[in-house]
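See below for the structure under consideration.
The values are calculated or read from the model by the stated rules, or taken from the named source; none is laboratory data. Bear in mind the structure is a predicted one, so any value in this text is a computation, not a measurement. Because the Cβ atoms are built from the backbone with ideal geometry, glycine has one as well, and the counts that use them run over all protein chains shown. These area figures cover heavy atoms from the full protein model, side chains too; ligands, DNA and RNA do not enter into them. Shrake-Rupley method; radii C 1.70, N 1.55, O 1.52, S 1.80 Å.
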Amino acid sequence: MTSLIETYACAPSTERGRGILISGDPKTNSILYCNARSVFIRYLDRPLHVAVYGDHSYPVTVARYSPNGEWIASADVSGIIRIWGTHNDFVLKNEFKVLSGRIDDLQWSPDGLRIVASGDGKGKSFVRAFMWDSGSTVGDFDGHSKRVLSCHFKPTRPFRIASCGEDFLVNFYEGPPFKFKLSHREHSNFVNCIRFSPDGSKLISVSSDKKGIIYDAKTGDTMGQLSSEDGHTGSIYAVSWSGDGKHVLTVSADKTAKIWEIFEDGTGKVSKTLECSGSGGVEDMLVGCLWQNGHLITVSLSGTINLYSASDPDKQPLCLSGHMKNVNTLTLIESNEKIILSSSFDGSILRWTPGTGHNGKLQRKDSSQIKCLVATKEEIMTSGYDNKVWRISLDQDKAGEAEHIDVGSQPKDLSQAINSPDLALVSLDSGVVLLKDMQILSNINLGFSVTASVIAPDGSEAIVGGQD
């Protein structure tokens with residue numbers, strides 16, 4: 001009887017120039033994020049414990065726990081929201097067609113009876129609130145002319161809903177049933193995220209104009225803004241309040257996350273800047289964040305999830321890497337400790353250590369697509385879609401110099417002799433090629449397409465399998 005021991009989760013889907021909204025459940029210390037048509041539940045204290053919900057027909061954009069933690073509402077690019085249970089194999093409670101286009105954000109009301117969703121309404125409605133059990137609409141959300149990127153329910157009575165989007169507006173609605181109260185146009189670019197403080201006293205909006213503005217949550221009036229001193233130098237994509245409502249966490253395209261102290265008068269100043277530990281490239285832009293219990297969570301464009309300690313933000317964060325695209329090959333390196341290498345369609349190679357999981361991304365200079373991958377402790381060999389076989393030296397988590405040879409047609413499979421790794425066998429459409437030290441030793445035309453091959457550890461024999 002085989003049983004599942006460990007799951008190595010993928011990374012959240014990200015998109016250049018846009019924020020992503022991750023959420024969590026403080027009671028179970030789990031977080032939710034989306035990749036392709038699936039929602040992933042990860043536990044911050046148990047990174048190998050992963051649950052996957054994959055019943056959407058279209059790519060999922062956002063998912064949130066109900067206030068009691070019993071239900072999850074998840075939304076997709078077709079405008080559908082599915083509400084499903086966190087227990088009993090994710091039993092489906094309801095499915096509603098909410099908007100005519102992509103949903104970018106959704107929130108539960110604090111009493112768990114209503115849901116508000118915002119996104120792209122293809123010219124008509126961009127925000128809608130409805131009863132979670134019947135789907136009946138509660139209110140009228142006029143006042144936006146373009147895609148609404150974020151919305152939020154005030155966590156205390158009297159209920160309010162705030163929304164913001166690509167028309168540079170922040171709108172405020174009273175209810176239920178909800179109706180338009182007022183609008184702000186202090187931002188000069190896309191307003192990416194809007195959040196009420198946990199105590200329901202303040203509201204903050206952050207924008208691609210690098211500004212954060214704070215409002216009175218009850219009246220909707222502007223109070224103050226985040227100081228520009230030591231502020232972000234790029235678009236701010238997401239914001240999240242601390243549990244006590246005295247601080248917020250923001251993330252930006254400038255590759256930093258900042259913790260701000262928020263004062264009673266609605267102004268804020270930077271108390272800490274979290275620099276990211278990556279290579280400093282585009283993939284290190286930060287696009288999502290969440291402040292949950294003692295964790296500060298940031299997500300980079302490459303999908304890496306960084307977990308900082310809120311009580312000691314100077315401590316090195318735990319970085320959870322994962323694939324963003326389909327995994328197409330994996331291999332095991334048997335050394336002092338076992339290491340699994342996997343590569344995905346976009347050319348990323350990740351290292352995993354059984355027992356701990358995440359071990360980080362292999363930094364390589366060239367990130368061409370990979371179809372086949374074999375590895376020893378000292379080097380990896382790869383082939384892609386360009387008729388070439390590459391040999392790359394390995395030094396811990398960095399890939400060293402690469403050399404390649406053109407084998408004449410696209411390799412279908414690759415195998416290395418474990419005990420004499422200078423020998424490698426490449427399967428082709430017409431037969432097999434034997435390489436020694438990256439030179440062609442022999443090229444055997446077998447008259448049929450070889451789709452799989454393996455060479456014996458000592459290099460003396462090989463087995464080939466064909467398309468037939």
Here the residues within the stretch 340-359 that are modelled with pLDDT of 90 or more and more than 22 Å from residue 299 (Cα to Cα) are 340, 341
Whichever residue in the stretch 262-288 is under 20 Å from residue 214 (Cα atoms) and open to solvent by less than 10 Å² (accessible area, probe 1.4 Å) and, among such residues, is farthest from the chain's Cα centre (by Cα): 266
Only one of 361, 388 is closer than 30 Å to residue 466 by Cβ and surrounded by 15 or more Cβ atoms within 10 Å (Cβ to Cβ). Can you tell me which? 388
Close pairs (7 angstrom Cβ cut-off, 6 or more residues apart or separate chains): assigned by the TED database to the domain that holds residue 393 in the stretch 434-454, open to solvent by 60 Å² or more (accessible area, probe 1.4 Å) and among the acidic types (Asp, Glu) anywhere: 438/403; 448/468; 449/429
Which one of 431, 400 is more than 32 Å from the chain's Cα centre (by Cα) and small (Gly, Ala, Ser)? 431
Within 21 Å of residue 21 (Cβ to Cβ) and either in contact with a Ser or Thr (Cβ under 8 Å, 6 or more places away or on another chain) or at pLDDT 95 or above (or both): does that describe residue 269? no
Could you look through the stretch 391-403, keep only residues that are part of a strand (DSSP E or B) and open to solvent by 60 Å² or more (accessible area, probe 1.4 Å), and pick out the one that is nearest to residue 281 (Cα to Cα)? 398
Could you figure out which of (1) farther than 21 Å from residue 29 by Cα; (2) open to solvent by 40 Å² or more (accessible area, probe 1.4 Å); (3) in contact (Cβ under 8 Å) with a residue 40 or more places away in the chain isn't true of residue 319? (1)
Restricted to the stretch 242-261, and to residues that are part of a strand (DSSP E or B) and farther than 17 Å from residue 207 by Cβ, which residue is least open to solvent (accessible area, probe 1.4 Å)? 259
Here is a list: 302, 343. Which entry is in contact with a helix residue (DSSP H, G or I) (Cβ under 8 Å, 6 or more places away or on another chain) and either of a type outside the set (Phe, Trp, Tyr) or not assigned by the TED database to the domain that holds residue 428 (or both)? 302
Would you be able to say whether some residue in the stretch 60-76 is open to solvent by less than 10 Å² (accessible area, probe 1.4 Å), of a type in the set (S, T, N, Q) and within 19 Å of the chain's Cα centre (by Cα)? yes
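Which residues, taken from the stretch 330-387, are assigned to a strand (DSSP E or B), of a type in the set (Gly, Ala, Ser) and over 17 Å from residue 304 (Cβ atoms)?
Answer for the stretch 330-387, where residues must be assigned to a strand (DSSP E or B), of a type in the set (Gly, Ala, Ser) and over 17 Å from residue 304 (Cβ atoms): 375, 383.
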Subset of the stretch 136-153 [out of contact with any Cys (no Cβ under 6 Å at 6 or more places or on another chain) and not in a loop (DSSP other than H, G, I, E, B)]: 137, 139, 148, 149, 151, 152, 153
Conditions: (1) modelled with pLDDT of 95 or more; (2) surrounded by fewer than 22 Cβ atoms within 10 Å (Cβ to Cβ); (3) of a type outside the set (Asp, Glu); (4) more than 17 Å from residue 151 (Cβ to Cβ). Residue 41 meets all but one. Number of the miss? (2)
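When only residues in the stretch 360-411 that are of a type in the set (Lys, Arg) and under 22 Å from residue 326 (Cβ atoms) count, which is modelled with the lowest pLDDT?
Per the stated criteria, the residue is 364.
Okay, residues lined up against (1) more than 18 Å from residue 190 (Cα to Cα); (2) of a type in the set (Phe, Trp, Tyr); (3) outside the structural domain of residue 169 (by the TED database):
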position: 209; (1), (2), (3): no, no, no
position: 215; (1), (2), (3): no, yes, no
position: 220; (1), (2), (3): yes, no, no
position: 232; (1), (2), (3): no, no, no
position: 242; (1), (2), (3): yes, no, no
position: 245; (1), (2), (3): yes, no, no
position: 254; (1), (2), (3): no, no, no
Hey, among the residues in the stretch 142-201 that are free of Cβ contacts under 8 Å to residues at least 40 places away in the same chain, closer than 17 Å to residue 18 by Cα and of a type in the set (D, E, K, R), which one's surrounded by the fewest Cβ atoms within 10 Å (Cβ to Cβ)? 146
Matching residues in the stretch 11-61 - criterion: being within 19 Å of residue 240 (Cα to Cα) and among the acidic types (Asp, Glu): 25
Count, please, the residues in the stretch 218-234 that happen to be assigned to a loop (DSSP other than H, G, I, E, B) and buried (at least 23 other Cβ atoms within 10 Å of the Cβ). 1
Only residues that are touching a Pro at 6+ places or on another chain (Cβ under 8 Å), surrounded by 16 or more Cβ atoms within 10 Å (Cβ to Cβ) and either within 22 Å of residue 194 (Cα to Cα) or of a type in the set (Gly, Ala, Ser) (or both): list them for the stretch 15-38, please. 20, 22, 33, 34
Might you check whether a residue that is assigned to a loop (DSSP other than H, G, I, E, B), farther than 22 Å from residue 13 by Cβ and touching a residue at least 40 places away in the same chain (Cβ under 8 Å) occurs anywhere in the stretch 124-131? no
Lone unmet requirement of (1) open to solvent by less than 10 Å² (accessible area, probe 1.4 Å); (2) under 18 Å from the mean Cα position of the chain (by Cα); (3) of a type in the set (S, T, N, Q) for residue 207: (2)
